[in-house]
Amino acid sequence: MRARREFRNRRDIEVAVLDALVDRHEDGMTVFELRAAVDSDIDTIEDALSSLKSESLIVVEEDHQGVRIYPDDRVVPDPGESVEADASLFDRVRDRLGL
């Protein structure tokens with residue numbers, strides 16, 4: 001699943017982090033799970049998380065198992081909403097090629 005269109009006009013790493021979090025929006029993710037999902041170095045991910053946190057696009061929660069990161073509810077598309085159809089041709093080609 002992809003983040004809503006209005007949140008996709010950001011740096012590629014931030015969009016990748018949001019998309020990964022939206023995929024697991026109910027369970028959240030750890031920083032290490034994000035690292036594996038977005039295939040970027042930890043410093044770049046931390047910068048992206050910092051930026052997303054400052055704009056209130058992610059929620060960070062700590063529990064007895066550790067820290068989990070969730071996308072803000074407004075970033076997650078509604079169940080019937082098709083974000084893929086709203087994607088530009090460039091976005092679809094880039095995703096298809098895995099870039």
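The values are calculated or read from the model by the stated rules, or taken from the named source; none is laboratory data. Only a predicted model underlies this, so the values are computations on that prediction, with no experimental measurement involved. For neighbour counting, all protein chains shown are included, and Cβ atoms are generated from backbone atoms with ideal geometry for every residue, glycine included.
Descriptive notes on the structure:
- Residue match in segment 77-86 (condition: under 13 Å from the mean Cα position of the chain (by Cα), at pLDDT below 95, under 14 Å from LEU18 (Cα atoms) and not in a helix (DSSP H, G or I)): yes
- Failed item, numbered, when SER40 is tested on (1) under 17 Å from ARG11 (Cβ atoms); (2) part of a helix (DSSP H, G or I); (3) not aromatic (Phe, Trp, Tyr): (2)
- Residue selected from segment 1-14 under the condition under 8 Å from the mean Cα position of the chain (by Cα) and farther than 16 Å from GLU46 by Cβ, by the criterion surrounded by the most Cβ atoms within 10 Å (Cβ to Cβ): ALA3
- Being more than 22 Å from GLY66 (Cα to Cα) and either touching a strand residue (DSSP E or B) at 6+ places or on another chain (Cβ under 8 Å) or of a type in the set (S, T, N, Q) (or both) holds for only one residue in ALA3, ALA37, ALA20, ALA16, and it is ALA3.
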